[in-house]
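A short worksheet on the structure shown next.
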Ligand SMILES: *Cc1c(COP(=O)(O)O)cnc(C)c1O
């Protein structure tokens with residue numbers, strides 16, 4: 001026997017269009033449904049017109065994202081487009097520095113904070129320049145982890161005091177360059193990740209006759225948590241152990257250079273979920289710092305690495321890694337922990353360095369993706385009644401539906417076998433309808449009615465399955481109904497290019513419609529991308545909906561563009577994206593707020609997306625060769641009389657024009 005469940009659990013799970021007017025809806029409901037206050041960090045909100053807007057502070061105008069989209073459409077920019085809100089980027093830099101400054105002031109901490117921006121999070125030149133400019137008043141520096149990053153970063157170190165911290169594996173060419181930069185007075189610090197790097201730095205220092213300054217990455221006992229946990233702890237591939245550190249200190253003291261070790265560093269991995277882990281790691285490294293300081297080593301900097309998390313999951317648990325702290329709590333935890341340990345050990349407090357990347361860049365960019373079409377599972381109008389003039393197959397489906405609607409009947413809750421039987425009947429009748437149609441015995445209207453009835457039967461079964469608690473397992477076929485019942489919305493983008501972390505490690509990103517938020521979203525959709533890969537879909541969503549496998553969306557109508565915003569895209573995603581199916585980098589627009597402009601913003605720059613030609617070159621196809629081959633095929637067909645020469649020339653031209661096209665579906669075409 002089954003028992004009835006609380007109806008509340010059903011509230012938003014299954015909204016059929018028939019219920020539209022019964023739903024009380026406001027822009028607040030939309031904000032709550034998509035959890036915008038949870039992840040939006042006060043930058044994003046739903047405006048009174050039901051559109052998503054961006055505002056960094058009350059003195060700046062709010063930018064309506066749909067206005068920017070309209071603007072880009074008028075300029076014929078091919079979507080998808082990544083919009084960078086440069087004011088948001090600057091605001092995050094400022095907030096980060098202010099959080100540490102406030103913590104330092106409140107704690108009475110007798111030293112300062114110096115952040116560095118790890119460029120691997122987003123190396124785009126404009127992003128790095130914007131971050132540096134916003135960070136100038138705070139002495140913000142950079143962090144690099146490879147040769148190319150070092151070469152990109154070095155000329156941006158205008159301020160002699162700002163740090164350039166070099167992590168990662170470093171060859172002699174890189175180390176020489178770093179020492180040369182030290183010689184001209186730049187604050188460049190190579191961080192020793194492996195013990196032998198220390199010997200190499202010493203040897204190179206002797207070569208050029210300088211006494212090198214360097215840092216050491218310490219392998220702590222504390223390890224991170226969540227999806228990137230292996231960056232710290234014993235399993236980490238990075239860092240030197242405490243015994244190695246002691247060896248290094250002995251060598252340095254023996255060589256009479258106790259001030260060479262300028263910085264101690266750890267990095268626990270990205271997106272640390274739990275503030276206790278931060279505190280524990282900071283405590284551990286500060287004790288190491290204090291012990292070394294007491295031995296007379298002049299360590300100036302304590303570098304707590306990256307890992308400051310972003311609230312992608314908007315405070316909801318489940319598949320997403322949430323974080324349990326705010327930016328201010330993070331800064332407080334670090335400042336107070338270092339202060340307490342140093343006071344207890346009676347040593348001077350160091351300059352605090354942190355390397356937050358995700359925390360700085362994630363919020364500023366929004367990927368705007370057009371929905372190209374919907375595969376809908378339309379239900380039957382609730383007023384529909386099958387009569388004698390209807391086809392037998394329709395009457396049969398209707399009968400099944402009517403029976404399900406009469407449940408629970410006088411005999412009590414439905415039985416599982418009853419539901420399964422009804423499902424099998426419906427499947428059989430739908431197949432029959434398809435066969436009849438293909439032999440011409442059913443009109444197109446009748447086929448549509450049969451299909452609607454079929455989906456109504458499925459929906460009713462699903463409702464009953466959810467509504468009652470059965471004491472037997474739910475058969476696989478009925479469990480699968482959930483997925484069959486939702487619409488598929490085909491989106492003009494590639495998961496593998498634009499949200500790689502969703503596919504690879506299941507990271508959830510907030511996604512929501514950019515307008516019509518004053519209307520209840522009555523469809524439940526799964527978003528699928530353009531790639532021919534069955535993994536090319538978004539498998540879970542951020543919402544207050546109990547079922548996170550679907551996104552509530554609006555019904556789309558032909559000719560009416562519908563855009564979804566993918567938020568918090570600014571960290572890692574656009575730089576890691578891969579070229580599955582040869583979809584390339586998307587176009588970008590850089591937007592600044594400006595109260596003097598009619599819509600409160602201006603587009604400073606548009607960077608075109610990768611063309612077909614660019615994309616092909618990465619896998620060694622080049623226009624000359626392809627042109628020659630295509631030309632040869634056409635020539636043969638002309639010779640064989642299959643086409644006229646003029647048509648052949650046109651075909652070749654048509655083919656060659658595609659080289660300059662977007663790799664995505666071009667709705668402007
Ligand atoms: C990746 C990385 C960072 C940035 O981490 P976030 O989690 O993005 O803040 C900082 N330091 C090092 C050494 C890194 O490898």
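If you look at the Cα atoms of the range 392-483, you get an Rg and a Dmax of 13.9, 45 Å. Relative to the dominant Cα principal axis of the chain, helix 327-345 is inclined by about 30°. Short to long, the 5 Å bins of the Cα pair-distance histogram for the range 27-86 hold 4, 16, 24, 24, 18, 11, 3 percent of all pairs.
How do 367, 481, 150 rank when sorted from fewest to most other Cβ atoms within 10 Å of their own Cβ? Please report the intermediate quantities before stating the final value.
Working: 367 26, 481 18, 150 23.
Arranged by neighbour count, lowest to highest, 367, 481, 150 become 481, 150, 367.
Taking the C-alpha atoms only, the angle from helix 65-74 to the longest principal axis of the chain is near 80 degrees. Pair-distance distribution P(r) for the chain, from all Cα-Cα distances in 10 Å bins starting at 0: 3, 13, 20, 20, 17, 13, 8, 4, 2, 0, 0 percent.
This ranking places 627, 363, 471, 267 by how few other beta-carbon atoms lie within 10 Å of each, fewest first, which gives 471, 627, 267, 363. Taking the DSSP bridge list for the range 31-187 and keeping only pairs wholly inside it, about 40 percent are antiparallel.
The share of alpha-carbon pairs in the range 109-355 lying farther apart than 25 Å comes to 41%. Between 0 and 90 degrees, the angle of helix 86-107 with respect to the longest Cα principal axis of the chain falls at about 50 degrees.
Express in % the proportion of alpha carbon pairs of the range 473-526 at distances exceeding 17 Å. Distances greater than 17 Å cover 59 percent of the Cα pairs.
Shape class for the range 573-669, computed from the alpha carbon gyration tensor (a ≥ b ≥ c): prolate, with a/c not under 1.5 and a/b above b/c. Footprinting exposure proxy ranking of 70, 149, fewest other C-beta atoms within 10 angstrom first, gives 70, 149. Per the Debye formula on identical point scatterers at the alpha carbon atoms of the range 17-117, with no solvent, log10 I(q)/I(0) at q = 0.22 Å⁻¹ is -1.18.
No lab work stands behind these numbers, since they all come straight from the coordinates. Small disclaimer: the values here were computed from a predicted structure and weren't measured. Because the Cβ atoms are built from the backbone with ideal geometry, glycine has one as well, and the counts that use them run over all protein chains shown.
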